[in-house]
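Where a number appears in this text, it was derived from the coordinates with a stated rule and is not lab data. All values derive from a computational prediction rather than experimental measurement. Heads up, the Cβs are rebuilt from the backbone with ideal geometry, glycines too, and the neighbour counts pull from every protein chain shown.
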Amino acid sequence: MNIRQQLKILLVSLSFCPIGSSLFAKGTNAVINTAVSEYRESEKKHIKALKKATLNKWKKLINDLTRLENELAGQKNYIDAQRVKEKIAKLRAERRYFGYSIYPSNLITNVIAKAQSGDIFIVKVTGKSKGAIYGANPYTYDSNINVAAVHSGAVKNNQTAYIKVTFLYADQFISASKNGIKSIKWAGKYRAIQIDSNKD
């Protein structure tokens, strides 16, 4: 007997009970709770199946693009191979950071200038070894983010990648030498960024 049949039988049987009676309340709650539980369980299974199907399609797309990249490289078409490689990197970042906007490094300073504490941004950076940075993670928000990314260990020099950046306020910014780069000390509270240095 499915839940709809149970509800019909319940309605018929409860039509003979006063609405305020304990039997009415007990019977109604039991069937409703069962219906809600069955719905939630069905929803979980549906979502799980949908996620699996979507993931399989995404994996196939990545595999197809990777094969295309290798074929282009084998034909010495390095320009198009690099374009495909960058597309793969962006797809991976979009999946990993689903729900977040992705910004180029040259625009992030203006975006963060309007941010609220705790806001998270995904930034496409290319690691650089030269440029002014203040602090040692956190860095001042106007530090060169491509250099800060290398200093923090999130990327290597000349490596292009997507990094996770959190906006906050910091009371001080220390000087430190890391990965061949020395940052500058800055005293006083200021807008800051914290770079997630965890790699895939």
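Our summary gives the stretch 64-200 a relative contact order of 22 percent, counting only alpha carbon pairs under 8 angstrom and 6 or more residues apart. If only the Cβ of Lys and Arg carry +1 and only the Cβ of Asp and Glu carry -1, the dipole of the stretch 65-195 around its Cα centre is close to 180 debye.
Once backbone amide H atoms are built at 1.01 Å from N, S143 has Y134 as its partners under 5 Å, excluding neighbours fewer than 5 places away on the same chain. I want the antiparallel fraction of DSSP beta bridges within the stretch 57-189, as a percent rounded to 5. If we restrict to bridges inside the stretch 57-189, about 75 percent are antiparallel. Computed extension gain for A113 through T66, at 0.36 nm per residue and net of the alpha carbon distance, reaches 13.2 nm.
Beyond 31 Å in Cα-Cα separation lie the following of the pairs K60/K178; K124/K185; K164/K189; K52/K156: K60/K178; K52/K156.
Taking other C-beta atoms within 10 Å as the exposure proxy, T166, T54 rank T54, T166 from fewest upward. Most tightly packed first, judged by the mean number of other beta-carbon atoms within 10 Å of their residues, the peptides 92-100, 132-140 read 132-140, 92-100.
I want the local charge near H151. Using Cβ-Cβ distances under 11 Å, sum +1 for each Lys or Arg and -1 for each Asp or Glu among the other residues. Within the 11 Å Cβ shell, the charges total +3.
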